[in-house]
Each structure stands twice: as structure tokens, then as C-alpha cells.
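Below is one structure, written out as C-alpha cells; comments come after it.
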Amino acid sequence: MRYYAVFDTNVLISSLLTKRTDTATARVIDAIPSGAIIPLYNQEILEEYNEVLHREKFPFREEQIRKILTMFRQFGLAVNPSPTGEILVDMDDLVFYEIVMERRNDDAYLITGNIRHFPKRDFIVTPSEMIAILYKDFTL
């Protein structure tokens, strides 16, 4: 089974910072090329990924950033979300929420390390929870 998911920027950061391949953040990113997870995005999200990953405080090489952005474009699905009117703790996260809501008919998930920034919903999950969902159907 394939799953659609919006990746909060903090998941990408954590996956690139870890040196271990068995962490949940690394594993959800690794599930993209196999087709187990199809990332959902729009231009605003790609621009945020690019801007945040290029911040001086992060040690990411240009090649790493380019690789992850290319992977999202190559294996992902661009989505034009409709406004939801939702008020979030951090309104910068609204685009992630609106994209997942746009694809809820496809059982899309929002993967985040900041669960408390979003409304409590069963489709807003941590990387570990997403791995558990994947393992219902797959052995990665």
C-alpha cells in the first residue's frame, strides 16, 4: 500500500542531521523512493524547505539539499490547497495542514515532530507513528 504524506520541515532537518539510518525520521524519508510514501507539496513548501535547509546553523551540504528537494519533486505530488480557515499555534505551519486536508480523501498524513503545533487528529503523526503505519503493510 502507498501512503500520501506532507512532511513538516522539522522531519527533513532531523533526517539530514542524524548519522543513523534506523531513526524514524531517516526511515520515513527513505520510504519515498520506494513509493511507500508519496510526498505532497506545493511551491511554498519547497521554498520553505530550501530556505530552512540553507540556514547557516545547519551543516548541510548543497548536494544533500539538492538531493532531497529533487526527490520530493521526482516522487511527490504537487497539490494546490484550498483555505481551511484553521487557526494554528504557529500559522507558518498552515500550508502543511491545508495540503493534507486537500488530500484527506486519499487518507493523507501530515508527518511532524511538532504534534502540538497542529490540531489533535489521527492523520497528524510523528515519524515513529508513520513507520508503524507503514509496517502494517510493508517491511522496509
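Rule-based calculations on the coordinates, nothing more; no lab input. Keep in mind it's a predicted model, so treat the numbers as computed, not measured. With ideal geometry, Cβ positions are generated from the backbone for all residues, glycine too; neighbour counts draw on all protein chains shown.
Quick notes on this one:
- Building the convex hull from the alpha-carbon atoms of the chain and averaging its projection over directions returns 8.1 nm².
- Under 20 Å from LYS19, Cα to Cα: lysines that are on another chain or at least 8 residues apart: LYS57, LYS67
- Of the residues ALA24, THR126, PHE58, the one whose Cα sits farthest towards the positive end of the charge dipole of the chain is ALA24 (charges of +1 on Lys and Arg Cβ, -1 on Asp and Glu Cβ, taken about the Cα centre).
- Remark: the stretch 78-90, residue by residue, has Karplus-estimated 3J(HN,Hα) of 6, 10, 9, x, 8, x, 9, x, 5, 9, 10, 4, 10 Hz, where x stands for each Gly or Pro and the curve is 6.51 cos²θ - 1.76 cosθ + 1.60 at θ = phi - 60°.
- Alpha-carbon centroids, the stretch 15-51 and the stretch 77-140: separation in whole Å: 13 Å
- q = 0.20 Å⁻¹, the stretch 37-90: log10 I(q)/I(0) [Debye, one scatterer per Cα]: -0.82
- When only alpha carbons of the stretch 48-131 are considered, Rg and Dmax amount to 14.1, 39 Å.
- Counting other Cβ atoms within 10 Å as a rough exposure proxy, the listed residues VAL125, VAL11, VAL6 run VAL125, VAL11, VAL6 from fewest neighbours to most.
- Relative contact order for the chain: 33 percent, from Cα pairs under 8 Å spaced at least 6 residues apart, divided by residue count.
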